[in-house]
1. Yes or no: Ile234 surrounded by 21 or more Cβ atoms within 10 Å (Cβ to Cβ) and more than 16 Å from the ligand (Cβ to nearest atom)?
2. Would you point out the residue of segment 40-73, among those that are outside any helix (DSSP H, G or I) and small (Gly, Ala, Ser), that is surrounded by the fewest Cβ atoms within 10 Å (Cβ to Cβ)?
3. Which ranges mark the strands (runs of 3 or more DSSP E) fully within segment 106-221 that have 1 or more residues being surrounded by fewer than 17 Cβ atoms within 10 Å (Cβ to Cβ) and within 14 Å of the ligand (Cβ to nearest atom)?
4. Looking only at segment 222-234, count how many residues are in a loop (DSSP other than H, G, I, E, B) and not polar (S, T, N, Q).
5. What residue, among those in segment 96-105 that are surrounded by fewer than 23 Cβ atoms within 10 Å (Cβ to Cβ) and more than 10 Å from Thr253 (Cα to Cα), is nearest to the chain's Cα centre (by Cα)?
6. Consider Tyr260 carefully, then state whether it is away from the ligand (no atom under 16 Å from the Cβ) and farther than 14 Å from Cys101 by Cα.
7. Looking at Asp41, Asp76, which is the one that is away from the ligand (no atom under 16 Å from the Cβ), out of contact with any Gly (no Cβ under 8 Å at 6 or more places or on another chain), more than 30 Å from Asp153 (Cα to Cα) and not assigned by TED's automatic domain parsing to the domain that holds Asp206?
8. One residue is enough: does segment 355-371 have a residue meeting the conditions within 13 Å of Pro180 (Cα to Cα) and small (Gly, Ala, Ser)?
Amino acid sequence: MTTGFTKRKGMEKEINIYKPYLKVSVEYKGGKTLNEIQNIDKPIYKLSSNENLLGSSPLALAAIMGNIENLNSYPDRTPQRLQNKLSEFYQGELSPNQFICGPSGSEVLELIIRAFMGEGLECLISNPAFLVYQMFSEKQGGIVKDIPLKEPDFGLDVDGLLNAITDKTRILFLTSPNNPTGSYIPEKELDRIVDSVPDHVIVVIDEVYFQFADAHDFCRPLKYVKQGKNVVGINSFSKAYGLAGLRMGYAYTTEKIADYVRQLSKPFLVNLLGLEAAIAALDDDQFIQETVELVQKEKQKIYNAFDRLKLHYWKTQGNFILTKPKMDASDFEDKMFQEGIMVRPVANFGAPGCVRITIGTAEANDAMIAALETIMK
Ligand SMILES: Cc1ncc(COP(=O)(O)O)c(C=O)c1O
């Protein structure tokens, strides 16, 4: 009989490992937070985690303050009120039942991955990409196949992806705008993928940076979900809404997929302040507009500075810019940090030698440019 406990090793008992793949998966280490940085006597600009340097949606903050004394109560058992609000936000084009809400975009991604992936099943990613697709899929025992983005501008290898689909493939992950490259998937390419995938494959399109995209042929997953395709759009309140610390996100998809994935949700999964803040944030058009206008304006200034300083970079559709410094990426990170600027090397996203820099406020960007001038002298 298996007891789960077998023999002693030192003082600890050994356990039977039923899921060995939990140990071998890649690890996602987010960027350092400001609280983790000590002994620095000058202002630090954190341009390493694609946060909103303008702050948080004021409407969300007001909702948080208005509910701060209710924390002795449990929140709603389900995020139904947020689902209703999202349906309104999407002007009734999607019904409340088409939304899956959770404490962050990452957690919603995990629910979807748990729902569709399993031992021996496959998913497709295109590196450089956000690491959690691989990490969470491997933690379900899934096999992750990488069909890398194409040089030199990180275009999607559409044929490569379609040819890699087997009868075991369950999820095709796409990100547009993509982190960390800032590239996007033009509408015609998305059309071709969504129209070509077989019925047993779900196309997950992560669009957490969509507010910042301005390309004429940028296209959101909404179009395909409205057509009833097996497509999921992933969203977050961490980026444009400036609520990364609160952890709120959502996905929209067909009712069938949403009903299925919500089976994995738990009572009280979304906390009280997160729920109220997200509902309020969806009305904050003004904050989103200010945020987007700032990023559009500042990115032009940063491009000009990078051109002048001969720092190689890729044009972006997000609130961050991927660069390839001539020096080693970790040395670049250290030197920028000495100048008070936190940036993010992204080798673990599949972009060795590259560094991602968030577009901040005018003041933060000026400080970042001044730091570059110093370290690249
Ligand atoms: C492409 C992409 N998707 C999803 C997320 C998850 O966002 P969060 O878990 O903060 O909602 C991030 C965060 O950086 C991201 O870059």
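The values are calculated or read from the model by the stated rules, or taken from the named source; none is laboratory data. Predicted model, so just to flag it, every value in this text is computed and none were measured. Cβ sites come from the backbone with ideal geometry, for glycine too, and all protein chains shown count toward neighbours. Surface accessibility is based on the protein's heavy atoms, side chains included, excluding ligands, DNA and RNA. Shrake-Rupley method; radii C 1.70, N 1.55, O 1.52, S 1.80 Å.
1. no
2. We begin by selecting, within segment 40-73, every residue outside any helix (DSSP H, G or I); these are 40-57, 71-73.
Then keep just the ones that are small (Gly, Ala, Ser); that gives 48-49, 55-57, 73.
Details: Ser48: 23, Ser49: 17, Gly55: 13, Ser56: 21, Ser57: 26, Ser73: 9.
Residue satisfying both the conditions and the ranking: Ser73.
3. Fully inside segment 106-221 and qualifying: nothing.
4. 2
5. That would be Ser104.
6. no
7. Working: Asp76 fails: not assigned by TED's automatic domain parsing to the domain that holds Asp206.
After applying the criteria, what remains is Asp41.
8. Within segment 355-371, not a single residue is within 13 Å of Pro180 (Cα to Cα) and small (Gly, Ala, Ser).
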